[in-house]
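Bear in mind that the values in this text are calculations on the coordinates, not laboratory data. Not measured: the values here are computed from a predicted model. Every residue, glycine among them, receives a Cβ derived from its backbone with ideal geometry; neighbour counts consider all protein chains shown.
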Amino acid sequence: MNVLIIEDESAIAEVLSESLTMAGHTCIKAADLKEAEELLEDRSIEGITLDNLLPGGRGIFWLTRLATLRPDLIGRTVVFTGARLSKFEQDVAERYNVPVLEKPIDLPQLAETLAGLQKNRPGVR
């Protein structure tokens with residue numbers, strides 16, 4: 001699967017990329033939401049890992065924009081966070097049926113979650 005890694009910390013993005021590549025995925029990295037949107041226009045993306053705290057906004061709230069830009073990817077997105085989600089953020093994740101993983105990221109769990117999403121999981125409820 002071609003996975004877009006949206007993560008502003010380059011060291012974390014690199015570890016994610018290496019791990020997912022070893023699991024058989026092709027990875028493309030974006031450091032912020034603007035770059036991610038540009039890549040979504042130009043590249044064939046089949047899955048997304050999305051950090052919640054990014055320059056320019058919270059990843060969880062960007063899901064609403066993603067649902068407009070690429071609704072096919074809502075059901076193939078994983079959000080990860082180092083902070084506890086607010087009730088509102090939890091509601092957004094549930095609305096879009098998006099799994100949320102906590103940092104530090106358990107790399108085998110992330111690979112397993114992406115493999116499950118690859119089976120064309122349904123998106124918005």
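Taking every DSSP helix (H) stretch of at least 4 residues in the chain, weighting each as -39,500 (n - 2.57) and dividing the sum by the residue count yields a mean residue ellipticity at 222 nm of -13000 deg cm²/dmol.
Could you name the aspartates and glutamates whose alpha carbon sits less than 14 Å from that of Lys119, not counting residues in the same chain fewer than 8 places away? Within the straight-line limit of under 14 Å, Lys119 reaches these aspartates and glutamates: Glu46, Asp72. Under 24 Å of direct C-alpha separation, and excluding same-chain neighbours fewer than eight residues apart, Lys34 reaches these lysines: Lys103. Applying 1/(1 + (r/R0)^6) with r as the Cβ-Cβ distance of Asp106 and Glu41 and R0 = 25 angstrom yields a FRET efficiency of 0.20. Restricting segment 21-93 to trypsin sites (Lys or Arg not before Pro) that sit in a DSSP loop and have at most 16 other Cβ atoms within 10 Å of their own Cβ leaves Arg43, Arg84. When Kirkwood radius over Cα pairs in Å is calculated for this entry, the matching label among (1) 23.7; (2) 14.1; (3) 15.5 is (2). Taking R0 as 25 Å, what FRET efficiency do you get between Gln90 and Thr64 from their Cβ-Cβ distance, rounded to the nearest 0.05? So the FRET efficiency works out to roughly 0.95. With a simple spin-label model that places each label point 7 Å from the Cα along the Cα-to-Cβ direction, the separation between Leu53 and Ser10 comes to 2.1 nm. Write down the percent of antiparallel bridges among all DSSP beta bridges whose residues are both part of the chain, to the nearest 5. About 10 percent, rounded to the nearest 5.
The slack in the chain from Asp32 to Asn2, taken as 0.36 nm per residue of separation less the alpha-carbon distance, amounts to 9.0 nm.
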